[in-house]
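FYI, it's all coordinate maths here, none of it is from the lab. These numbers were taken from a predicted model, which means no experiment stands behind them. Here the Cβ positions follow ideal geometry from the backbone for every residue, glycine too, while neighbour counts run over all protein chains shown.
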């Protein structure tokens, strides 16, 4: 007997970043974060609980996956089986329409889609909050890919209180994300490993203590559609996270020469009146955020910067959802 | 009537950086710092008190200087006139054998040489400590170019207690500095302006509070000739200063794409066993420190990195001194 469900989720780009955990196992974050889901980029995942299986299996972008990648998926499936009171193994087939492991948060979309597809296939009908909590256990930032639009992850202090919710609908402010891809290599240190290093930086505690201030400024800038304030706070927050990374032991340097070229270009554009701002996740690629009306021009300008291999484009995206 | 003296001083490269002041006017620093003087690179300055002059004059690298550059020199001359009880104006002629304003601390060598030449020409015979204090009032890091070898600037809490002194003679550890010059443009924000921004970064107070720990590790590594510990602490300290710069309001980004290329290369070399470490001042150029035996190989490797225009080389240098 089989029970199956398919879900689509979008990656998200954080404007106020998640870096470091209060509880590593449960992924309770050190600080709250704010993000926007990315329409156009997506992960599609089908989960089939199948009584003929004697273990979980994972196929990612048409390649079978075993080892740590499968284990992480199995842990979420085990949690879902517990919740549903079943013991059947599952076949998971997942695919992205964007490059994996290079600073576009593929794990966020992956675990949001997995949380929704697996819980649905298991017969659970979870509310958005419960789904966000479940997704969080697979990858912290996946909690933010469950709700749609502009999302805030409330850090909480326990498994039940740490989840993300929409604070502004996707139509409220038409922003675009032009991702300047400068490397498609898999990153040397993944986010999960990186989070455990955050506390070795002398700057992490200050970054966490100052987070409520940055969240407030960012939230208000989005609600008031104040691009200039928004630009300054997201660049500061990105620089603060990378400062923590670069001063941890061992140091993590995700920036590459072309990363810096894009950062400098964006700052120069804004000085000359062009509305664009950068933010960078745990990888070398640069997310350049602009009002939708400037999206084509931003993408064109980025393509002219030496070292930029391609530009992915997205606008504000909706929540994780079931298909078929 | 004229009285004249000529002095030579070397720039220095800080291993534990000076960034931010407790007192901006007197240049009492927020934290102590450690540096090495750079032999081979030098500023030569002649000061002539001349009763026929009706104002101070400055010639720098054969160009007459007026405005803020002359004013800063005149302030030090006024201080020297006060100390010597004279009122004669001076002609200052100064030249560097290295590029000005691009992250090689030209102002440090300049004000150390000026302090020595002007005080000598005025008939004062200052002790090293007094000279270091005088030099500090012109440019904070100039205090460190007065003594020779490996130098620590004791931050102090007043004009009289903030000066630099040698803590290890230049022969004690033969280190070389290969400066990868990636830009010879004059920097957009000079150090003096930058220091006033330090306190706008959320990270500056932590950087200052943690300084005694880093100073202790660096001092001990130099005394014990422990290159591995030395490399880690100077790279951490450099990254911490640039983190403060990059998170100040407005942010200061001194790194350029080629800066990052050199940083990454040096880290890769060290991982593979080659002893080299980077440190970066308020500019895009990268100082790559290595034991003298590896100097030629380091310079050669640096020249092969795209974006490196030239490599300046120096070893540990002596104190500011009079000539002729």
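Go ahead and estimate [θ] at 222 nm for chain A from helices alone: -39,500 (n - 2.57) per DSSP H run with n ≥ 4, summed, over the residue count, rounded to 500.
Numbers: 9 runs with 113 residues, N = 324.
Calculated at 222 nm, the ellipticity per residue is -11000 deg cm²/dmol.
Each 10 Å bin, from zero up to the one with the longest distance, holds this percent of the alpha carbon pairs of chain A: 6, 28, 36, 22, 7, 1, 0.
If each residue's Cβ is checked for other Cβ atoms within 10 Å, how do B:6, A:196 rank with the fewest at the top?
Details: B:6 19, A:196 12.
Lowest count first: A:196, B:6.
Two decimals is fine: what's Rg over Rh for the protein assembly as shown, C-alpha atoms, Kirkwood radius as Rh? Display every interim value, and only then the final one.
On the way: Rg = 28.6 Å, Rh = 26.7 Å.
Result: Rg/Rh = 1.07.
Of all the options A:115, A:84, A:231, the one that moves most in a Gaussian network model of chain A with Cα springs shorter than 10 angstrom is A:84. Taking the Cα atoms only, what angle lies between the long axis of helix A:211-224 and the longest principal axis of chain A, rounded to 10 degrees? Tilt relative to chain A: about 80 degrees. To the nearest ten degrees, helix A:106-121 and the longest principal axis of the Cα atoms of chain A are 30 degrees apart.
Taking 0.36 nm per intervening residue step and subtracting the Cα-Cα distance, what contour gain separates residue B:296 from residue B:172 on full extension?
Stretched out fully, the residue B:296 to residue B:172 stretch lengthens by 42.6 nm.
Label-to-label distance for residue A:205 and residue B:51 is 6.4 nm, based on points extended 7 Å past Cα in the beta-carbon direction. Roughly what percent of Cα-Cα pairs across segment A:251-310 reach past 16 Å? Result for the distance tail: 40 percent. All Cα-Cα distances of segment A:172-316, cut into 5 Å bins from zero to the largest, leave 2, 10, 18, 21, 19, 16, 11, 3, 0 percent in each bin in turn.
At the listed q of 0.12 Å⁻¹, the Debye profile of segment B:58-112, built from one uniform point per Cα, gives log10 I(q)/I(0) equal to -0.31. Centre-to-centre, using Cα atoms only, segment A:202-239 and segment A:297-324 are separated by 23 Å. Rounded to the nearest whole angstrom, the semi-axes of the ellipsoid equivalent to segment B:198-256, taken from the Cα gyration tensor as √(5λ), stand at 25, 13, 5, largest first.
Where the centre of each part is set by its Cα atoms, how far does segment B:86-131 sit from segment B:146-183, in angstrom? That distance is 17 Å. Highest mobility in the GNM of chain A, judged by mean-square fluctuation with C-alpha springs under 10 Å and restricted to A:229, A:66, A:137, is found for A:66. Against chain B, whose longest principal axis is taken from its Cα atoms, helix B:257-271 shows a tilt of about 60°. Inter-label distance, residue B:196 to residue B:249: 1.7 nm, where each label sits 7 Å from its Cα along the C-beta direction.
For a test of the definition: using alpha carbon positions, the gyration tensor, and the 1.5 limit on a/c, classify segment B:77-159 as rounded, prolate or oblate. Could you put the intermediate results ahead of the total?
Working: a/c = 1.99, a/b = 1.21, b/c = 1.65.
Judged from the Cα gyration tensor, segment B:77-159 comes out oblate (a/c at least 1.5, b/c at or above a/b).
The Rg/Rh ratio of segment A:129-184, with Rg taken over Cα atoms and Rh as the Kirkwood radius over Cα pairs, comes to 1.08.
Here each label is just a point 7 Å from Cα along the line to Cβ, and for residue A:324 and residue B:97 those points are 7.6 nm apart.
Could you list A:65, B:80 in order of exposure, starting from the residue whose Cβ has the fewest other Cβ atoms within 10 Å?
Numbers: A:65 17, B:80 25.
By the 10 Å Cβ count, ascending, the order reads A:65, B:80.
Once a ≥ b ≥ c are taken as the square roots of the eigenvalues of the Cα gyration tensor of segment B:124-217, is the result rounded (a/c under 1.5), prolate (a/b larger than b/c) or oblate (a/b not larger than b/c)?
Because its axes are fairly even, with a/c under 1.5, segment B:124-217 counts as rounded.
Take residue B:124, move 7 Å from Cα toward the beta carbon, and the resulting point lies 7.6 nm from the same point in each other copy, nearest first.
Among A:128, A:304, A:171, which one moves the most in a GNM of chain A with springs linking Cα atoms closer than 10 Å? Of A:128, A:304, A:171, the Gaussian network model singles out A:304 as fluctuating most. The alpha-carbon atoms of segment B:2-170, seen along their principal axes, cover 44, 32, 28 angstrom, with the largest extent given first.
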